[in-house]
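What follows is a single structure, written as structure tokens, with notes after it.
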Amino acid sequence: MERDEGNVEGLIVAFLGGVLIGAAAGLLLAPKSGRETRATLKDYAQQAEEELAEKVARIKASIASCQQACEEHLKAHKEHARGPVT
């Protein structure tokens, strides 16, 4: 499972890096004034921050759910292990 999480994390980082590079290239090559470009960059940064915060919240919720399921699973097996030997 740990290996899969590393792959997902790497994929997310690569995706976000590609998005940032693409956005920067588009902004730098677009025929806009400096003021317009700065405003666009600010809006993009705010949007990216909000999206990242939402993704982090979903990941945290998923981790908490997995943790709870694992704790319940371990508790059940612990109780089973303490039962009478047959």
Practice problem: Among Ser33, Ile63, Leu20, pick out the residue whose Cα is farthest towards the positive end of the charge dipole of region 2-82, where Lys and Arg carry +1 and Asp and Glu carry -1 on C-beta, about the Cα centre. | Solution: Ser33
Quiz item: How much length is gained if the chain between Ser33 and Arg82 is pulled fully straight, taking 0.36 nm per residue apart and subtracting their Cα-Cα distance, in nm to one decimal?
Solution: 10.4 nm
Practice problem: Please turn the phi angles of region 19-30 into ³J(HN,Hα) values with the Karplus equation 6.51 cos²θ - 1.76 cosθ + 1.60 (θ = phi - 60°), one per residue in order, whole Hz, x for glycine and proline. | Solution: 4, 5, 5, x, 5, 4, 4, x, 5, 6, 8, 7
Quiz item: Put a dot 7 Å past each Cα toward the Cβ at Leu20 and Ala61; how far apart are the dots in nm?
Solution: 2.6 nm
Practice problem: Treat every Asp and Glu Cβ in the chain as -1 and every Lys and Arg Cβ as +1, leave all other atoms uncharged, and give the resulting dipole magnitude about the Cα centre to the nearest 20 debye. | Solution: 160 debye
Self-check item: Helix 34-82 vs. the chain, principal-axis angle (Cα, 0 to 90°, nearest 10)
Solution: 0 degrees
Self-check item: Glu9 paired with Leu41, simple spin-label distance in nm, labels 7 Å along Cα-to-beta-carbon
Solution: 3.0 nm
Practice problem: Determine Rg/Rh for the chain; Rg is computed over alpha-carbon atoms and Rh is the Kirkwood hydrodynamic estimate from the same atoms. | Solution: 1.33
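Only the coordinates and a few stated rules stand behind these numbers; no lab work does. Keep in mind the model is a prediction, meaning the values are calculated, not measured. So basically every Cβ, Gly included, is an ideal-geometry build from the backbone, and we count neighbours across all protein chains shown.
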